[in-house]
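Report on the following structure.
The values are calculated or read from the model by the stated rules, or taken from the named source; none is laboratory data. All values reported here derive from a predicted model rather than from experimental measurement. Positions of Cβ are backbone-derived with ideal geometry, glycine not excepted, and every protein chain shown enters the neighbour counts.
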Amino acid sequence: MCLETIIFFGGAVLKNVNNSKLKIIPLGGMELIGMNITAFEFEDSIIVVDCGLAFPAEDMFGIDLVIPDVTYLRDNADKVKGFVITHGHEDHIGALPYVLKDVEAAIYATKLTMGIIDSKLKEHNLQKKIRRKVVKHGQSINLGSFRIEFIKTNHSIVDASALAIYSPAGIIVHTGDFKVDYTPVFGDAIDLQRFGEIGKKGVLALMCESTNAERPGFTLSEKSVGKTLDTIFAEHTENRIIVATFASNVDRVQQIINTSYRFGRKVAIEGRSMVNVISIASDLGYLDIPENTLIETEQLDNYPCERTVFITTGSQGESMAALSRMAEGTHKKVKIRPNDTVILSSNPIPGNEKSVSKIINELLAMKAEVIYHDAHVSGHACQEEIKLIYALVKPKYAIPIHGEFKHRTAQAELIKGLGYDNDHIFMLQTGDVLELSEDSEAKIVGKVPAGRVLVDGLGVGDVGNIVLRDRQHLAEDGIIIVVMTLERGSANVLSGPDIVSRGFVYVRESESLMDGARLVISEAIERCQEKGTSDWSRIKSAIKDDLGEFVWKETKRNPMILPIIMEV
């Protein structure tokens, strides 16, 4: 399906003749950083804003991704008119390939955002199946009972948008992720004038992001990073420079390339996501790369170290990212050398602090210089920018979104200084159904099925809390496997019990413990025989109970115990 560009500006919004209410239903993004997705429902129309993923927490052993539970959308698939996307970060688009398999609907986004989405759909063989329409800032689309206007904002990725959602019940403004940047690297500054114009029309509710709501003041312009990079490059003219940043931060990559070019350095790119995004951004005209600046990673050795720059992924300490493999010495193409200068051009996302610290320590141990302060600015609004948006939009209700509870609480406390009280601030939780209209008070009227779905390899949703608990148990205490052969009918032991231990103790150095365990198992089986018990499940339970009690008494550990009985 070819991409279509929306060139119409939408018609008039129908009046709410039936006094129906608008429902706002967050299906993610309310208790954590990431997995942003919100449904807006009016009568027989549903639009979905964003469809993101979250990365697994440390206790989610083996999990690759976390996506939202869209049971409600799947049950109301005939009402879903489309997915409207604010920008191209994973926490806003990453779940689309999974969700679209259950809820097939068109996608509406700006050009670069759609380019990144298009690449994802291609990977999942959905490119020909899903309609996609490119929208420009200032334009509107009509979807069922809604008209959605895309408003220019600034963020750490180009083409970010806020949304004005016009419904018969009133206007909702959704900021997406944003900052106020008067001097962006690419494109125009945020369209504050349009926020003000919409505010004069009367806005029912503002859904404003909360990521930096704890930070006072304004977020620095992205261009300030360019000056910092110039200073670092000027101070390290004899060093190879490696810069790790977010793959999606096209403006940051542009500034790294600009600085490298000014200092006469060749640039190599490493990391699958980095290569992919740079390729898309270049093809669509969002990156300007001087001729003969880029080289292949394999060509790095053809140039003096002090004339090369390496842009890579892994600034968040991701275990499989290129920088992590360099720090561990396992990267096939690049080895960290003494006196290399490594710049981490990002701040750790909440929860990633330990992983980032580990990377820094490993790099320092390899005699590299690591710069991890002052080479980054946030893409999110601080307190003064949040207050500015509220002052322009003047919403009746405030709905803090995007962040952990502490971030959203910080926004709620901030806007109380603007005159909002608790009756007009809604701290929604995932799955809440908020009903509101111009003619009645807003209130939470119920809850829909919502939560998280875990992705492990090709499995989507087949790993739940029970499996996670087992994995955690294995990681903490290990496993003991008891193998034996019993005679059919009599339950006499023909061979075994043999004990296999993994992650519990080293068997060869714990012979007395293993001998005691075999004795306990034998006694448990004898007791079952005396009672005439030949049922496998009862024999297994007896073994698990007695062996578990023995192991705890001897070691104060609680490994998983798995009896395996073969019958002859």
Discussion item. Of everything in the range 367-401, what is out of contact with any Pro (no Cβ under 6 Å at 6 or more places or on another chain), in a loop (DSSP other than H, G, I, E, B), surrounded by fewer than 18 Cβ atoms within 10 Å (Cβ to Cβ) and free of Cβ contacts under 8 Å to residues at least 60 places away in the same chain? Give them in sequence order.
Written reply: His373
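Yes/no per residue for (1) buried (at least 24 other Cβ atoms within 10 Å of the Cβ); (2) among the polar types (S, T, N, Q):
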| position | (1), (2) |
| --- | --- |
| Ala162 | yes, no |
| Ile165 | yes, no |
| Lys179 | yes, no |
| Thr183 | no, yes |
| Ile198 | no, no |
| Val203 | no, no |
| Leu206 | yes, no |
| Glu209 | yes, no |
Worksheet item: Is there a residue in the range 354-364 that is touching a residue at least 60 places away in the same chain (Cβ under 8 Å) and under 24 Å from Gln254 (Cα atoms)?
Response: no
Worksheet, complete the sentence: Filter the range 456-509 for residues that are hydroxyl-bearing (Ser, Thr, Tyr) and modelled with pLDDT under 70; the one that is farthest from the chain's Cα centre (by Cα) is Ser490
Practice prompt. Among what's in the range 225-242 and is β-branched (Val, Ile, Thr) and farther than 14 Å from Glu306 by Cα, pick the residue that is surrounded by the most Cβ atoms within 10 Å (Cβ to Cβ).
Written response: Val225
Worksheet item: Can you tell me which of Glu209, Glu238, Glu197 is in contact with an Asp or Glu (Cβ under 7 Å, 6 or more places away or on another chain) and outside the structural domain of Arg325 (by TED's automatic domain parsing)?
Response: Glu209
Discussion item. Contact list please: Cβ distance under 8 Å, first residue in the range 255-271 and in the same structural domain as Glu296 (by TED's automatic domain parsing), second residue charged (D, E, K, R) and assigned to a loop (DSSP other than H, G, I, E, B), pairs at least six apart or on different chains.
Written reply: Gln255/Glu222; Ala268/Glu296; Glu270/Lys333
Fill in: Residues being within 25 Å of the chain's Cα centre (by Cα), part of a strand (DSSP E or B) and surrounded by 18 or more Cβ atoms within 10 Å (Cβ to Cβ) - total across the range 131-147
2
Practice prompt. Please verify whether the range 420-443 includes one or more residues that are surrounded by fewer than 18 Cβ atoms within 10 Å (Cβ to Cβ), in contact with a Ser or Thr (Cβ under 8 Å, 6 or more places away or on another chain), closer than 20 Å to Gly34 by Cα and aliphatic (A, V, I, L, M).
Written response: yes
Discussion item. I'm checking my understanding of the structure. Among residues of the range 512-535 that are closer than 15 Å to Val482 by Cα and of a type in the set (Asp, Glu), which one is surrounded by the most Cβ atoms within 10 Å (Cβ to Cβ)?
Written reply: Glu523
Worksheet item: Given the structure, is Ala39 modelled with pLDDT of 90 or more, in the same structural domain as His155 (by TED's automatic domain parsing) and either over 23 Å from Ile190 (Cβ atoms) or assigned to a strand (DSSP E or B) (or both)?
Response: yes
Discussion item. Take the residues in the range 252-278 that are at pLDDT 90 or above, in contact with a strand residue (DSSP E or B) (Cβ under 9 Å, 6 or more places away or on another chain) and of a type outside the set (A, V, I, L, M); name whichever of them is surrounded by the most Cβ atoms within 10 Å (Cβ to Cβ).
Written reply: Arg252
Worksheet item: If you take the residues of the range 309-366 that are charged (D, E, K, R) and part of a helix (DSSP H, G or I), which of them is surrounded by the fewest Cβ atoms within 10 Å (Cβ to Cβ)?
Response: Lys354
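Of all helices (runs of 4 or more DSSP H) completely enclosed by the range 192-306, which ones contain at least 2 residues that are over 30 Å from Gln139 (Cβ atoms)?
Numbers: elements: 192-201, 223-235, 250-262, 272-283.
Ranges flagged: 223-235, 250-262, 272-283.
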Fill in: Qualifying residues in the range 536-568 (those that are free of Cβ contacts under 8 Å to residues at least 12 places away in the same chain and of a type in the set (Gly, Ala, Ser)) - the one farthest from Ile480 (Cα to Cα)
Ser537
